[in-house]
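The values are calculated or read from the model by the stated rules, or taken from the named source; none is laboratory data. These numbers were taken from a predicted model, which means no experiment stands behind them. Cβ sites come from the backbone with ideal geometry, for glycine too, and all protein chains shown count toward neighbours.
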Amino acid sequence: MKVVLAATLFATASAFVPSNAPKFGTSLNLKQDFLEYTPYHDHSAVKVNTYKNKAPFTGKVVSTKRIVGPQATGETCHIIIDHNGDFPYIEGQSWGVMPPGVREKDGKPHAVRLYSIASSRYGDDMTGKTGSLCVRRATYWCPELKADDPAKKGICSNFLCDTQPGDEVMMTGPAGKVMLMPEEDPTTDYIMVATGTGIAPFRGFVRRLFAEDTPAAAVYKGEAWLFLGVANSDALLYDDEFQLAKEQNPENFRIDYALSREQENKNGGKMYIQDKVEEYADEIFAKLDNGAHMYFCGLKGMMPGIQDMLAGVCEGKGIDYNEFIKGLKKKGQWHVEVY
């Protein structure tokens, strides 16, 4: 079933795959098992900070494509970078990007920006030689000018969204172990909560579990449940891939969207990510009690609403919220990466 999905994903998600990428099913890509640890779920040897600011890695852009519709609130791009297999990472890690040029105020190089990697360790082409980033172009609307102020635009995001095939990208990392999947128990449930480009690590999770012929996919029996909050349908990211994963793995993958400008919550207000999660609070709490891991990725502004909602649910259940979260953290079930 998962092999069928992988082939289908390559057919429908061609916008994310370079034209010269080998197709799934060729002798090169019959199985994704050549970048695994021994055993595959042992993360003790995961690489961190292989490349640092003073000696960064130089990757080359394979493709940069807009992946949102015309009515999306802003522009988001999917950027595939060739690292020739020399910059290993695994799902849930981040790359640092050093934008070219120097700061006007002091002439020093721009600071590194971290971006969650949006592909599995095998990359979109499954060769293990590329990685992908999901980047929203940061702009600043000036009320006085009544236009975008180019002097205040995001330096790194605009650099990345403007890249062309062959452009070089200076990179550091890989960074982080907070967002890794604990794969030793194949029955583990994953609850993934994202806003906007915070979807990046979870795309890597979904591809590893449902779109690739990996050791993890071969034995996975749990449920991966994805929540994504964006403004409207045009702003949905990787929806074709997620819908295919759901169609091919209905017992193991679920997805729920919170569209703030198209849906209403139970009180008649805008549907934000915390409102959508709250709809399934009883089920989510039951899963957490049974050992599920819960992940959050996106703008840090998402967390107060999430925390307030969970505190309210805990109160209704007679649970001490602080002790509840403390217990999840102690058992390694609580994963947060916000920016």
Worksheet entry | Single unsatisfied condition, ALA231 versus (1) assigned by TED's automatic domain parsing to the domain that holds MET303; (2) out of contact with any Lys or Arg (no Cβ under 6 Å at 6 or more places or on another chain) | (2)
Worksheet item: Is one or more of the residues making up region 48-62 surrounded by fewer than 19 Cβ atoms within 10 Å (Cβ to Cβ), among the aromatic types (Phe, Trp, Tyr) and farther than 23 Å from LEU299 by Cα?
Response: no
Practice prompt. For ALA224, indicate whether it is modelled with pLDDT of 95 or more, within 26 Å of GLN274 (Cβ to Cβ) and buried (at least 19 other Cβ atoms within 10 Å of the Cβ).
Written response: yes
Discussion item. Among the residues in region 303-310, are any part of a loop (DSSP other than H, G, I, E, B), buried (at least 16 other Cβ atoms within 10 Å of the Cβ) and touching a strand residue (DSSP E or B) at 6+ places or on another chain (Cβ under 8 Å)?
Written reply: no
Item to complete: Report whether or not THR139 is among the β-branched types (Val, Ile, Thr), at negative phi, surrounded by 13 or more Cβ atoms within 10 Å (Cβ to Cβ) and at pLDDT 95 or above.
Response: no
Item to complete: Sort through GLU283, GLU241, GLU251, GLU262 and tell me the only one that's without any contact (Cβ under 8 Å) to a residue 12 or more places away in the chain, over 13 Å from VAL193 (Cβ atoms) and either not assigned by TED's automatic domain parsing to the domain that holds ALA211 or not basic (Lys, Arg) (or both).
Response: GLU283
Response to the item:
Apart from one, (1) within 14 Å of GLY92 (Cβ to Cβ); (2) over 20 Å from the mean Cα position of the chain (by Cα) all hold for GLU184; the odd one out is (1)
Discussion item. For ALA224, only one of the following conditions fails: (1) closer than 18 Å to PRO182 by Cβ; (2) more than 15 Å from the chain's Cα centre (by Cα); (3) among the small types (Gly, Ala, Ser). What is its number?
Written reply: (2)
Worksheet item: Scanning region 98-138 for residues that are in a loop (DSSP other than H, G, I, E, B) and under 16 Å from the mean Cα position of the chain (by Cα), which turns out nearest to ILE155 (Cα to Cα)?
Response: ALA118
